[in-house]
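Worksheet: one structure, shown below.
The values are calculated or read from the model by the stated rules, or taken from the named source; none is laboratory data. Bear in mind the structure is a predicted one, so any value in this text is a computation, not a measurement. Cβ: placed from backbone, ideal geometry, glycine included. Neighbour counts: every protein chain shown. Areas reflect the complete protein model, heavy atoms only, side chains present, ligands, DNA and RNA absent. Shrake-Rupley method; radii C 1.70, N 1.55, O 1.52, S 1.80 Å.
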Amino acid sequence: MLREENSYNAFEDVINALKESINCSLPCQVEAVNGNYVDVRMIRNDDIEDIIISNVPIKREETARAYIFLGIKQGDRGTLTFYDRSIEDYMIGDENYNYDTRTHSIQDRSFSLGFVPDPEAFVYPENTDIEIGLKDGSAKITVSGGNITISGGNINITGSSVSLGSNTTIDGKVFLEHTHSNGNQGSPTGGVI
């Protein structure tokens with residue numbers, strides 16, 4: 001009986017060691033930004049110390065035709081994803097089989113923005129189709145029911161109305177405060193200084 005118990009414990013130890021060596025994904029926090037790469041602190045939530053992983057490629061919202069850019073800063077949160085196979089050649093544009101048998105390696109990873117803990121998370125609008133904005137409310141683009149609203153700073157566009165705040169500078173030209181709405185050419189004092 002003792003022999004069976006010892007072999008079972010050894011087998012369980014091997015299984016646990018295998019599980020600990022397979023990387024899938026973990027939450028993380030940005031420590032530094034280096035162009036299209038970040039240094040991140042992996043948040044393991046176990047007894048192993050969190051470590052910094054350097055030069056992690058950023059997985060951005062991008063297609064062959066378009067992109068959405070969100071500026072990443074130190075302290076931002078996200079997810080660190082580890083790939084099933086080596087992505088070393090893929091990252092330089094080579095998609096051919098490279099005979100690399102590396103799997104779920106800490107070297108084959110990318111960073112995606114988001115996955116913020118609830119106490120830090122933004123409360124998102126519920127009655128809007130699309131909204132892009134700064135969390136402090138200083139600038140926002142909203143698409144809802146076919147209407148587009150742009151607000152923030154000295155320029156506000158709502159429906160068919162465009163308003164410029166006092167002494168708004170665009171491309172080096174200063175514009176006086178005025179509003180255009182439904183064919184209105186602006187207030188008599190409107191214009192370029």
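Tell me the mean residue ellipticity at 222 nm calculated for the chain from its helices only (DSSP H runs of n ≥ 4, each -39500 (n - 2.57), averaged over every residue, nearest 500). Walk me through the numbers on the way to the answer.
Values: 1 runs with 20 residues, N = 193.
Helices in the chain give a 222 nm mean residue ellipticity of -3500 deg cm²/dmol.
Using Cα pairs under 8 angstrom and six or more residues apart, how large is the relative contact order of the stretch 73-154, in percent? Before the final figure, lay out the partial values.
Working: 102 pairs, mean separation 19.5, N = 82.
Relative contact order comes out at 24 percent.
In vacuo Debye scattering of the stretch 49-164, one point per C-alpha: log10 I(q)/I(0) at q = 0.10, 0.13 Å⁻¹?
For the requested q values the scattering log ratios are -0.51, -0.75.
Given +1 on the Cβ of Lys and Arg, -1 on the Cβ of Asp and Glu, and no further charges, what dipole in debye does the chain carry about its Cα centre, rounded to the nearest 20?
The calculation lands at about 960 debye.
What is the Cα radius of gyration of the stretch 38-77 over 2.2 N^0.38 Å, N being its residue count?
Dividing the Cα radius of gyration by 2.2 N^0.38 Å gives 1.53.
For residue 178, enumerate residues with amide H under 5 Å from its amide H, sequence gap 5+ or separate chain, H modeled in the peptide plane.
164
Under 5 Å between amide H atoms, partner at least 5 residues away or on a different chain: which partners does residue 98 have, H built in plane at 1.01 Å?
Amide H neighbours of residue 98: none.
Solvent-accessible area per residue for the chain at a 1.4 Å probe radius, Å²? Write out the running numbers ahead of the final one.
Details: 14290 Å² over 193 residues.
It amounts to 74 Å² per residue over the chain.
Calculate, axis by axis, the spread of Cα positions in the stretch 29-108 along the three principal axes, and write the results as whole Å, longest axis first.
36, 35, 17
Considering Cα pairs under 8 angstrom that are at least six residues apart, work out the relative contact order of the chain and quote it in whole percent.
Rounded, it is 12 percent for the chain.
For helix 2-21, what angle does its Cα long axis make with the longest principal axis of the chain, in degrees from 0 to 90 and rounded to 10?
30 degrees
Can you give the extra length, in nm with one decimal, that the chain gains between residue 103 and residue 85 once fully stretched, where that is 0.36 nm per residue apart less the Cα-Cα distance? Intermediate values should be presented prior to the final figure.
Details: separation 18, 0.36 × 18 = 6.48 nm, distance 0.46 nm.
Result: 6.0 nm gained on full extension.
Give me the percent of the accessible area of the stretch 7-155 that comes from carbon and sulfur atoms, probe 1.4 Å, all protein chains in place.
So the carbon and sulfur contribution to the accessible surface is 52 percent.
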